[in-house]
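The values are calculated or read from the model by the stated rules, or taken from the named source; none is laboratory data. What you see is a predicted model; the values in this text were computed from it and never measured. Cβ placement follows ideal geometry from the backbone for every residue including glycine, while neighbour counts extend to all protein chains displayed. We work out accessible area using only protein heavy atoms, side chains counted, and drop any ligands, DNA or RNA first. Shrake-Rupley method; radii C 1.70, N 1.55, O 1.52, S 1.80 Å.
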Amino acid sequence: MKEINLDVLHDAAHRLLFDMSDEEYQTLLEEFGILAKQMELIGKIEGLENYPPMTFPFPCEVDYLREDVATEPLSREEALSNAGSVLDGEIKIPKVVG
């Protein structure tokens, strides 16, 4: 893993098109130090490799969504039936940009 230092943080900020004060960079560097120590501690847990990675910390089952089954699309007339204003077979909307 690449060492996080002030040069790396300045480079990342430059690539993301923003900048911070020297104090903010120092705070961020300290936070990365804390994260690195936490990751090191987690890496020392015996048997950790026997567990699959999690994307969410709690069981999450979604059973209320319907199956995505392809059906016949609406006809143009059906699709436009509830439109407030139609022009040349398309929904007419107010101009947004001047």
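For the chain, with all protein chains in place and a probe radius of 1.4 Å, 57% of the accessible heavy-atom surface sits on carbon or sulfur.
Ordering Leu28, Pro57, Leu80 by Cα displacement along the dipole of the chain toward the positive end leaves Leu80 in first place; charges were set at the Cβ atoms of Lys, Arg (+1) and Asp, Glu (-1).
In the chain, the sites counted are trypsin sites (Lys or Arg not before Pro) in DSSP loop states with at most 14 other Cβ atoms within 10 Å, and the longest stretch holding none of them, exclusive of the sites, is 3-43. Given charges of +1 on the Cβ of Lys and Arg and -1 on the Cβ of Asp and Glu, with all other atoms neutral, how large is the dipole of the chain about its Cα centre, in debye to the nearest 20? Roughly 280 debye for the chain. Among the GluC sites (Glu not before Pro) found in region 20-62, those both in a DSSP coil and sparsely packed, with 16 or fewer other Cβ atoms within 10 Å of their Cβ, are Glu46, Glu61. Taking all protein chains into account, the per residue accessible area for the chain stands at 101 Å² (1.4 Å probe). Along the axis of the charge dipole computed for the chain (Cβ charges of +1 for Lys and Arg, -1 for Asp and Glu, origin at the Cα centre), the listed residues Val69, Ala13, Gly47 are led at the positive end by Val69. On a 0 to 90 degree scale, rounded to 10, what angle separates helix 6-15 from the longest Cα axis of the chain? The two axes meet at around 10 degrees.
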